[in-house]
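Heads up, the thing below is written out as structure tokens.
The values are calculated or read from the model by the stated rules, or taken from the named source; none is laboratory data. These numbers come from a predicted model, not from an experiment. Please note: Cβ atoms are built from the backbone with ideal geometry, for glycine as well, and neighbour counts cover all protein chains shown. What goes into the accessible areas is simple: the full protein's heavy atoms, side chains included, and nothing from ligands, DNA or RNA. Shrake-Rupley method; radii C 1.70, N 1.55, O 1.52, S 1.80 Å.
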Amino acid sequence: MRIDPMTYQRVLGDELRKLRKQRGWTRKVLQGKLQTEVSLQTLATYELGTRQCSVVRLAEICLALDAMPHDLLARVHGRIFTDAPGEHIRLELSRVVEDAQPELLPLRRWARDRLRAANARTAEVQLDLPALEQLAELCGVDTVDLMGRLRQVMTR
């Protein structure tokens with residue numbers, strides 16, 4: 001199994017933001033509860049998933065939010081690594097690029113661009129239902145048809 005660092009950071013940031021908002025806190029309030037000085041911009045980049053967060057900093061943020069780091073990471077892993085049928089499909093982008101189905105041309109182009117951006121040959125992504133619905137519309141097929149086609153691509 002491979003990890004897509006961009007997806008992992010985005011999901012981690014999303015979980016941090018949810019946790020902060022559940023507390024009803026602004027970033028400024030969170031900043032005031034941290035042991036070390038962290039700028040508001042840095043907190044924002046963690047939440048947006050555009051900046052990596054060290055393990056120590058992650059633990060500090062979680063504890064300031066009165067949450068255990070391992071619980072937050074379990075939620076992140078649950079969102080990224082579980083395969084609940086019908087909720088998402090995990091794709092290996094290199095397989096999508098190699099597929100020849102004419103209807104999936106827009107998806108192949110997207111996968112090729114994503115691989116270039118990641119500088120990888122076998123990057124793996126997970127598409128949730130809203131993403132699958134948008135891709136199906138882009139490809140001119142219905143969502144169920146797209147999901148079936150993608151499952152075939154992944155089993156070849």
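Figures for the structure shown
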item: Charge-dipole axis of the chain as Lys and Arg at +1 and Asp and Glu at -1 on Cβ define it, positive-most pick from TYR46, LEU127, ILE89; result: TYR46
item: Student exercise, the chain dipole from Lys, Arg, Asp, Glu Cβ charges, in Debye to nearest 20; result: 540
item: Alpha-carbon centroid distance for the pair region 38-101 / region 133-156, whole angstrom; result: 25
item: Solvent-accessible area per residue for the chain (1.4 angstrom probe, square angstrom); result: 59
item: Amide H contacts of GLN126 (H built 1.01 Å from N, under 5 Å, at least 5 apart or other chain); result: LEU91
item: 5 angstrom amide H check on LEU34, placed H, neighbours 5+ away; result: none
item: Positive-end residue of LEU138, GLN31, VAL55, charge dipole of the chain with Cβ unit charges; result: GLN31
item: Principal semi-axes in Å for region 39-85 [√(5λ), Cα gyration tensor, largest first]; result: 22, 14, 8
item: GNM flexibility winner over the chain from PRO130, PRO102, PRO69 (Cα, springs under 10 Å); result: PRO102
item: Over region 7-114, relative contact order from alpha-carbon pairs under 8 Å, at least 6 apart, %; result: 26
item: Calculated FRET value between THR50 and GLU133, using beta carbons and R₀ = 25 Å, to 0.05; result: 0.45
item: Under 12 Å from LYS33, Cα to Cα: aspartates and glutamates that are on another chain or at least 8 residues apart; result: GLU60, ASP66
item: Overall Cα dimensions of region 1-56, principal axis frame, Å, largest first; result: 38, 22, 17
item: Point-to-point label distance, LEU34-ASP145, nm (Cα→Cβ direction, 7 Å offset); result: 4.9
item: The chain, helix-only ellipticity at 222 nm - DSSP H runs n ≥ 4, -39,500 (n - 2.57), divided by all residues, nearest 500; result: -19500 deg cm²/dmol
item: Estimated translational D of region 13-156 in µm²/s (Stokes, Kirkwood radius over Cα pairs; 10 °C; 1.306 mPa s); result: 91
